[in-house]
Each structure stands twice: as C-alpha cells, then as structure tokens.
Amino acid sequence: MKLFRDLLKDYRFAVAFWVLCLLLAFAALSLFSPYDPTRWGQVPRDVRPSAEHWLGTDSNGQDVFWNATFAVRNSLIIAVIAGVVSRIIAVIVGMVAGYRGGLWDRTLMFVSDSLLVIPLFLIIVMMAMLIRASLNLATLGLLLAFFGWAWDARLIRSQILSLRERDFTQTAILSGTGTLKLVLNEYMPYTTPLIFSTLINNMAWAIGLEITLAILGLLDMSIPTLGTMLYWAINYQAILLGRWWWVMTPITLSVMLFIALYWLSVSISEYLDPRTRVQRVGA
Amino acid sequence: MGDAILRAEALRAFYALDIYGKTKVIKAVNDVDLAIRENEIYGIAGESGCGKSTLLKALAAAVEPPLRVMSGKVVYRVNGAEVDVAALSQEEKRQLRMTYIAYVPQGSMSVLNPVVRIRDTYRDFIESHLDVHQKGEAFALAREHLVELGLPPKILDAYPHQLSGGMRQRVTIALATLLKPRIIIGDEPTTALDVVVQRGVVQLIKDVQSRLKNTIVLVTHDMGVHANIADRIGIMYAGKIVEEAPTERIFGAPTHPYTRYLINSLPRFGDKTPRESVPGSPPSLANLPSGCPFHPRCPHAMNICKREMPGFTRVAPDHRVACWLVEEGRYGETA
Amino acid sequence: MFLKQYLLPRLIQYVLVILLGITAVFFIPRLLPNDPVLRTIAEMRARGSYLEPGAMDKIISDLQQMYGLEGSWLDQYLAFWGRLFRGDLGVSFFQFPTPVLDLIMTALPWTAGLLLTTTLLSWAIGNLIGGFAGYYTNQGWSRALDALAMVVRPLPYYIFAFALLLIFAYLLRWFPVSGGARLGMRPSWTWPFVQSVLWHAVLPALSIFVLSAAVWFQTMKLVVQNINAESFVAYAKLSGVRENRVVSRYVIRNALLPQITGLGLSLGLIFSGALITEIVYSYPGLGTLLYNAIVNGDYNLIMGITIFSIIAITTSVLIVDLIYPFFDPRIRYM
C-alpha cells in the first residue's frame with residue numbers, strides 16, 4: 001500500500017497511527033476483563049495504584065484499569081456508529097445536492113446550513129434530558145449521527161460540483177452511463193479519501209459531545225464510557241480527595257484520542273491537497 | 001538594434017522538490033545562452049512545459065525556492081554598466097522592477113488584487129518606486145497614459161472583477177510601461193484572450209515599443225504573434241534554446257528539425273495539404289533523454305545525437321542552431 | 001441587484017431558521033416518548049415531596065398549563081408563539097415562580113461579556129499571527145507555533161478549562177476558583193467591583209481565547225499559504241511592491257474574507273464551548289444556569305435558554321453576513 005507508506009513518512013500520521021493502535025489494543029483488552037463493568041463493589045474502594053490494581057480502584061468499587069478498557073471500547077463504538085451513519089447521510093445529501101443542483105441543492109443546503117447555525121449542543125441536551133434513561137450506545141450514536149452530517153455534506157457537495165465540471169463526467173453521460181452508476185463508480189475514488197478524513201473529524205466531535213453529555217449527567221451512567229467515568233469521578237469529588245488515578249485515566253485517554261484523531265485527519269487531508277503535497281524544499 | 005541589454009550566460013535553473021522522501025530535480029532551464037538587445041522585440045517560442053516561464057523568472061531575477069539558479073548568470077546593462085543580477089541585494093532588485101525591467105503577466109482571472117480598486121493598485125505600484133512629491137505627477141501621468149493607450153480613465157475607479165479580460169490585460173500593459181522601463185517581459189500576454197482582443201493587445205505592444213524604443217521579451221507558444229511583432233525569435237525545447245534567428249529566417253528557413261516541424265504545422269491560406277506536427281510528446285523535464293533532448297522524436301537522429309548535446313553553429317549572420325546535422329555538415333541528408 | 005442576490009436570501013434564511021429551530025424546540029418534548037408532566041411529578045416524588053392524591057389532578061393541570069400542554073397541538077403551537085412575542089418564556093420550575101426570561105437576563109451580561117471579548121480578540125489575534133506565520137511559513141517560529149497549535153487545538157474546551165483551573169487556581173492560587181465576582185459583592189460600577197470581575201474573568205477568558213485562537217491561527221495559516229501562491233501576489237512582487245505592503249494589502253486583506261465567513265459558521269460551536277467553560281468555572285453566565293437547570297430537572301428553563309440561544313446565534317450570524325460585503329467588493333458590486 002503505497003498510500004500508507006507515504007502517509008507514514010509524515011510524523012504526525014505515524015504518531016497518531018501508533019497511538020490509535022495502542023488505544024484499540026487497550027479497548028480489545030476489555031474482552032479479557034476479569035471484572036464485570038456494570039457491577040459495583042467488586043473490589044475494595046479507592047485503592048491507590050498497586051500491583052494488583054494497576055490503576056487503582058474507584059469509589060464505586062471497580063478496578064480503574066479494566067473499567068477504562070470498557071470505557072475506551074464503548075466511546076469508540078459510539079464514535080464509530082455516529083461517524084458511519086452520519087457519513088452515509090452526508091454522502092447522500094452531498095451527492096444529491098451536488099449532482100442534481102437546482103431545487104434539490106437549495107433545499108438540502110438550507111437544511112444543512114440551518115443545522116450548522118442552530119446551537120446543536122442545546123438541542124441535544126434537551127433531547128438527552130428526556131430520554132436519558134434509554135440513551136445506550138446505539139441510540140446515542142444515532143442521535144449524534146442525526147446532527148453531525150451538516151458540515152461534511154457541504155464539503156462533499158463542493159467536491160461533487162467540481163467533479164461534475166470535469167470532462168470525464170460528460171464522456172460518461174454521453175456514453176449512456178446511468179446516474180447512480182456514474183456517481184458510484186466514477187466519483188467514489190475521488191470522494192473516498194475526503195469521506196475518510198471527515199469521518200475521523202466526526203468521530204472526534206462525537207466523542208467530545210459524548211463526554212460533555214456524560215459530565216452533565218445526561219447519559220445512562222451504568223455504561224462505562226470515557227464520559228461516564230469522568231462523571232463519577234467528579235461526582236465523588238475525586239480531585240478534592242486526591243484520587244488522581246481515577247480522574248487522570250479518562251482525561252489522559254481522551255486527550256490521547258483527540259490528539260491522535262486530529263493529527264490523523266490533518267495528515268490525511270494534507271496528503272490529499274495537491275498544493276501541500278509538494279512540501280519541502282530539497283537542496 | 002543596439003547592444004545586449006539583457007544577457008544569460010550558461011544559465012541553469014532547476015527545481016528541487018522533495019515529495020514524500022523522493023527528490024525530484026526538474027531541469028527547467030538547462031544551459032541557456034541569450035543576448036537580448038536594446039530596441040528590439042525578442043520572442044521566445046516553445047510548447048508548454050519547455051521551461052519558458054522559468055526562463056522568464058530567471059531573467060526577471062525572481063528566483064525563489066524551490067527554484068534555484070544552479071550555475072551561470074543573468075546580466076543586466078543598467079545605465080551603461082553591466083550588472084550581474086546575483087550580486088544585487090533584494091532591495092536593489094526591487095528598485096529595478098518597473099523602473100528598469102517590468103513584467104506583463106498572463107492576464108487570466110486574477111492578476112490584480114480583487115479587493116482594491118485599480119487606482120489603488122496603481123498607487124501601490126507607484127508608491128513603491130517614486131517619492132512623495134513625484135506621486136501627484138505620476139498619477140496625472142497615469143491618467144494620460146491610459147488615454148494614450150486607448151483606455152477610459154474611469155477604469156481607475158473600477159474593481160478588477162468589473163473589467164473584461166481584455167481590459168485587465170491592457171491595464172497590466174499600462175502598468176508595465178508607466179515608468180518607462182528599458183526591458184518589458186511578457187509571459188503569454190495574449191493567451192486567454194479572444195482573437196479580436198488579441199489583435200488589439202498585440203498592436204498595443206508594438207506601439208509601446210516603437211514609442212519607448214526599449215526591449216520587449218515576449219514568451220508565447222502562438223507563432224502567429226511572433227510572426228506579427230517579433231524581430232528575433234528563440235525556439236526553446238526541453239529547457240534549451242535550440243535555434244535563434246531573425247523572424248523572417250525562422251519562418252523562411254527553419255533549420256532545426258523541431259523548428260521545421262513547428263513552422264510546417266502552421267496552416268496556410270490556400271494550402272489544403274494535411275499539416276504534420278511533431279510526433280510523440282515533449283520529454284519530462286525531470287527525466288531528460290541523454291545527449292540532444294529532441295533525439296527521441298527526431299526523424300534525422302544519428303548516433304551522436306544520443307550521446308552528446310550539440311553546441312551552436314552559426315548558419316548565417318545572426319542565425320544560430322544547436323543540431324548535429326548542421327554541425328557535422330550533414331544537413332539535408334535523411335536518416 | 002446586490003439586495004436581491006445577497007441580502008434577500010439571507011434574510012429569508014434567517015427567518016426560516018428561527019422558525020424551524022423554535023418549532024423543533026416546541027416539538028421535541030411532545031414527540032419523545034416521555035411525558036414531561038409525568039416526569040416532573042416523578043422527579044418531585046424522587047426528591048421526597050409528598051403529594052396528596054386530591055392535589056394530584058390540580059398539579060397535573062397546572063403543570064400542563066405551565067408547560068403549554070393544554071389543548072390540541074395547533075392550539076399549543078399558536079399559544080407558544082403568542083407567548084414568545086410577548087417575551088414570555090414561561091417560568092422556571094425549580095426557582096418557582098421566577099420567569100425564565102428574568103433568569104436569562106441576569107446571567108446574560110456575564111456570558112455576553114466573556115463571549116464577545118474572547119471571540120473578537122481570539123479572531124483578531126489568531127488571524128494576525130496566523131497570517132504572518134503563513135507568509136513566513138518556513139521560519140522557525142512559524143513552525144514552532146504550528147506544532148503548539150497541533151497539540152492545543154484538538155483539546156475540548158472542558159479539558160483545557162479544567163487544566164487551567166487545576167494549575168492556576170488550585171495549585172498556584174493565582175486566580176479564584178469560581179464565580180464571577182467575589183461572593184457578596186453587589187454589582188455596581190465601582191472600581192473594586194470591576195476589578196473583581198476582571199480578575200475572576202481571566203481564567204475562563206484565557207481558556208476560551210487560547211483554544212479559539214489556535215483554531216484561527218491554523219486556518220489562517222493555511223489560507224495565507226494558498227493566497228501566497230495566487231497570481232496577484234506574484235505580480236505585485238514582480239512589480240516591486242514593498243514586502244510589508246504585499247503582506248498587508250495583498251495577502252492578509254484577501255485572507256480575511258474566508259475567515260469572516262468562517263467566523264459566522266463557527267459561532268454556534270464557540271457558543272457551546274463558552275457555555276461548557278462557564279460550567280467548569282461556575283461562572284455565573286448562561287452555562288452555569290443551564291447546568292443547574294439540568295441538575296434540577298428544570299425543563300422550562302432549558303427550553304427558554306435554547307430558544308434564546310437560537311435567536312441570539314442566528315442573529316449574530318446574520319450580522320456577520322451583513323458585515324462581509326464591506327470587505328469584499330465582488331459582492332458589493334456584482
């Protein structure tokens with residue numbers, strides 16, 4: 001995979017990639033957890049990090065290390081659901097708006113712009129307040145997906161617009177290619193990298209929002225995610241009581257995740273942009 | 001015709017690019033010797049990708065990384081004395097611009113700052129070279145100047161997007177000639193214009209030169225423009241000048257095989273025979289063939305063409321060609 | 001011409017977005033499976049209030065009236081808009097019977113002050129530094145700043161706010177831990193009060209400022225790098241225009257255009273970020289108001305804040321849209 005090797009030469013992609021692999025491995029560890037993440041009081045509370053409990057335990061009586069593996073896994077699941085579903089919506093909207101133009105374009109872009117202008121955070125808060133008990137991983141993911149497609153739909157639309165003007169489009173149409181086939185076969189190679197880079201951005205946004213909602217107490221608190229871990233830690237005054245291991249674990253993990261995702265998306269989009277590809281000056 | 005006012009000696013200017021770990025060297029100007037004289041219009045002709053624009057940048061002393069002058073030099077004749085461009089400081093070079101050597105860009109969409117009016121662009125350009133008390137005069141001059149060139153003075157109040165392509169091109173020519181420079185360099189000034197406007201612009205350039213009696217270096221692939229106004233033409237191929245002669249000889253007695261293809265491919269009134277153009281495609285400047293760069297496409301290629309680059313042979317006063325056929329006296333023989 | 005092509009569509013969009021947004025706010029509680037009235041009663045019970053059976057019906061009908069749930073949906077919708085136009089956003093359920101609008105108005109000056117100053121300053125300074133960094137893109141300081149921004153920018157507001165709080169308030173004790181002004185001080189225009197306000201505002205403002213400036217820095221740097229490659233910049237340089245003028249009038253002046261548009265598009269995100277930051281610092285603005293409303297289950301208050309925010313942000317975006325033509329003559333004279 002030449003693409004991959006080229007990307008690895010960018011230190012940002014390399015670092016981000018390995019950090020993500022690390023986090024994925026960490027999440028995969030949850031399959032081997034000796035503790036059940038939804039039950040409390042399994043271990044002595046508030047024990048400092050030790051040989052037996054690598055990251056100590058929390059005030060709910062759970063092992064912080066193993067709980068964190070579930071937390072990372074669940075946060076990633078939410079992000080993936082949100083990201084993938086919103087990609088599907090964004091791609092459909094972007095392609096229809098870009099290719100059809102006219103009234104379709106105007107209506108879809110109006111809807112998309114409105115979603116950008118309205119303070120989505122508050123609307124999501126309102127909704128979460130009402131359905132908080134049933135906000136499990138899947139529903140939260142879908143909720144975030146429902147609101148997260150607007151920005152990227154516009155990006156995809158711009159790209160479709162410029163692709164439409166290219167010669168090969170006319171050639172394909174004149175050779176009798178149907179619209180759907182044209183869009184899927186001819187345009188996909190160009191749009192796929194863009195979709196991928198926006199997917200990563202979207203995932204970061206989804207995790208950020210998930211953590212925010214959790215800290216505000218709007219999620220199902222029995223499911224361990226990065227956000228809910230923080231919620232419990234704050235709720236039990238972990239900082240004031242000096243139980244740093246409980247607070248710093250989700251914070252460190254989420255910071256690693258955010259920075260890795262961001263570096264990944266920046267390096268991919270710089271790779272795609274022909275102007276920044278020819279970067280450094282040789283001798 | 002006078003002495004050489006702009007010279008290039010064994011000039012090599014390459015781009016060195018680092019693309020994801022691989023270094024690519026693009027030999028855009030590969031050993032060019034030129035002597036451009038006062039009071040003449042010198043045309044540089046060649047296909048896209050032959051290095052013309054880079055040559056212009058080097059001649060205009062506007063070489064910036066990733067472009068580098070590897071060897072050779074560019075020499076100006078300022079106020080009677082020869083000056084090596086490499087010896088000038090940035091500020092000295094800047095002062096020479098517009099006053100000694102001016103540039104007419106390809107007038108496509110956006111060569112003028114889109115958010116300021118034309119008169120503000122004028123102001124920027126003038127203020128960078130003239131003192132405060134001279135500015136008032138300069139503006140009055142600018143207005144007159146526009147009228148002389150056939151442009152309405154109220155152009156000054158307009159924004160660039162309100163003008164047509166032809167108008168914008170004329171504005172750039174007006175700006176280039178404003179401070180009466182000794183050399184004007186034009187980079188494809190008539191491309192991107194429709195034919196009628198082209199004619200007007202070409203005429204304008206001719207008038208300007210005959211009035212100022214300065215030097216104009218015109219780069220374009222349009223042989224028709226060269227035929228119209230150039231005094232001498234240099235044919236450029238793959239980073240080198242392969243033939244240079246007065247216009248009549250280039251069209252009447254083209255010598256280098258590439259030039260012959262170029263001239264023979266031009267349509268002529270009344271002649272309905274199919275035109276033949278150069279077979280194959282121009283070489284990549286990053287990956288040049290050995291010896292003479294034209295040999296892969298040349299019908300008369302000999303063994304020596306693949307090994308060594310020919311030097312210049314003088315076939316007539318003021319007409320030089322770089323071709324082994326000529327040098328070895330085997331011109332006129334077929335392969 | 002300008003009015004028709006630029007102004008009119010935006011005004012129409014402005015009105016439509018507000019209409020749609022507020023309609024959405026109206027419908028959300030009504031479409032979701034949980035009945036807010038029953039929820040409120042359940043929460044009242046969870047807090048341990050004792051409810052007499054006879055009083056239950058009266059409470060239900062009172063709540064329904066307060067929540068605007070009487071009558072058919074059309075009736076409710078019209079009544080809803082009627083109240084809005086009279087400026088009645090309902091009453092806070094938890095801080096009964098204070099009208100929601102009053103609560104918002106008390107918190108608003110704090111948020112507005114914080115938000116306006118940090119947004120404008122971070123935009124201006126971030127763009128300025130980003131502009132020069134983009135122009136002198138190969139210099140050491142430009143690359144160092146970029147590396148710094150790469151680490152700062154992806155951090156969410158609450159983490160950064162929290163970090164600053166921890167370091168400067170808890171550990172170093174340079175700044176107060178929470179609040180908008182010292183406890184017990186009455187708002188007035190006296191110097192001690194203003195001083196206290198400023199001192200309390202430093203950390204929250206810094207938190208928002210740094211993150212927003214990092215974003216503007218990076219985007220401006222990219223924009224400037226692109227503009228640097230434009231032909232009008234090359235032409236100006238080839239005609240000997242002095243470099244400082246090229247940077248200011250040719251590069252930055254043109255780079256500002258997409259940044260102004262970007263500002264309009266980001267206002268929603270900046271607003272949310274500011275609210276979250278306020279919560280971390282218990283700053284007495286809309287953020288903390290929202291947090292308390294969530295904790296107390298004060299649904300009316302949340303709805304009121306949402307409606308208010310929709311109107312405020314949409315209006316701000318419209319203002320930015322109206323300012324843009326002053327900078328871009330291509331829009332002014334089409």
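Some notes on this structure:
- For segment A:58-107, dividing the convex hull volume of the Cα atoms by the residue count gives 76 Å³ per residue.
- Value of [θ]222 nm, deg cm²/dmol, for the protein assembly as shown, DSSP H segments ≥ 4, -39500 (n - 2.57) each, nearest 500: -18500 deg cm²/dmol
- Put the Cα centre of segment C:193-239 next to the Cα centre of segment A:61-118 and the gap is 28 Å.
- Percent of Cα-Cα distances greater than 20 Å, calculated over segment C:77-188: 68 percent
- Cα gyration tensor shape for segment A:1-141, rounded if a/c is under 1.5, else prolate or oblate: oblate
- Kirkwood Rh in Å, taken over segment B:1-67 so that all alpha-carbon pairs contribute: 13.3 Å
- Residues whose amide H comes within less than 5 Å of that of B:Y103, counting only those at least five positions distant or on another chain, are B:M98, B:I185 (H built at 1.01 Å from N in the peptide plane).
- Compactness index (Cα Rg / 2.2 N^0.38 Å), segment B:1-135: 1.20
- Electrostatic tally near A:V183: other residues with Cβ closer than 13 Å to its Cβ, Lys and Arg +1, Asp and Glu -1, net +3.
- For segment B:202-266 and segment A:147-213, distance of Cα centres in Å: 48 Å
- Legend: Rg and Dmax of segment A:135-283, from Cα coordinates, 21.5, 72 Å.
- The Cα-based radius of gyration and maximum Cα-Cα distance (Dmax) for chain A are 22.1, 73 Å.
- The dipole here belongs to the protein assembly as shown: it is taken about the Cα centre, uses +1 on the Cβ of Lys and Arg and -1 on the Cβ of Asp and Glu, and is about 1140 debye.
- Taking every alpha-carbon pair within the protein assembly as shown, the share separated by more than 52 Å comes to 34 percent.
- In sequence order, segment A:58-75 has phi-based couplings of 10, 6, 8, x, 10, 6, 5, 4, 5, 4, 5, 4, 5, 4, 4, 4, 5, 4 Hz under the Karplus curve 6.51 cos²θ - 1.76 cosθ + 1.60, θ = phi - 60°, and Gly or Pro positions carry x.
- Nonlocal amide H pairs with B:K240, under 5 Å, H built at 1.01 Å: B:N30
- Lys/Arg +1, Asp/Glu -1 at C-beta; the protein assembly as shown dipole; positive extreme among A:L108, C:S272, B:I185: B:I185
- Convex hull per residue volume in Å³, alpha carbons only, for chain B: 162 Å³
- Per residue, the convex hull spanned by the Cα atoms of segment C:191-334 measures out at 157 cubic angstrom.
- Interchain or long-range residues, amide H under 5 Å from B:R37's placed H: B:I5
- Anchor B:K22: lysines whose Cα lies under 27 Å away (excluding residues fewer than 8 positions away in-chain): A:K2, A:K9, B:K52, B:K57, B:K240, C:K221
- With kT/(6 pi eta Rh) evaluated at 20 °C and eta = 1.002 mPa s, and Rh the Kirkwood radius from Cα pairs, segment C:231-288 diffuses with a coefficient of 150 µm²/s according to Stokes-Einstein.
- Multiplying each eigenvalue of the alpha-carbon gyration tensor of chain C by 5 and taking the square root yields semi-axes of 45, 27, 16 Å, largest first, rounded to whole angstroms.
- Comparing B:V197, C:L301, C:T137 along the charge dipole axis of the protein assembly as shown, the residue lying farthest to the positive side is B:V197, per the Cβ-charge model.
- Longest to shortest principal axis, alpha-carbon extents of segment B:82-129, angstrom: 37, 23, 14
- Positive-end extreme of charge dipole, segment A:1-146 - chosen from A:L144, A:A71, A:P49 (charges on Cβ): A:L144
- Contact order relative to length of chain B, as percent, for alpha carbon pairs under 8 angstrom and 6 or more apart: 20 percent
- Total charge dipole magnitude, chain A, about the Cα centre, Cβ charges on Lys, Arg, Asp, Glu only, Debye to nearest 20: 500 debye
Taken together, the values in this text are just the output of simple stated rules run on the coordinates, not laboratory data. Everything numeric here is computed off the predicted structure, so don't read it as measured data. So basically every Cβ, Gly included, is an ideal-geometry build from the backbone, and we count neighbours across all protein chains shown.
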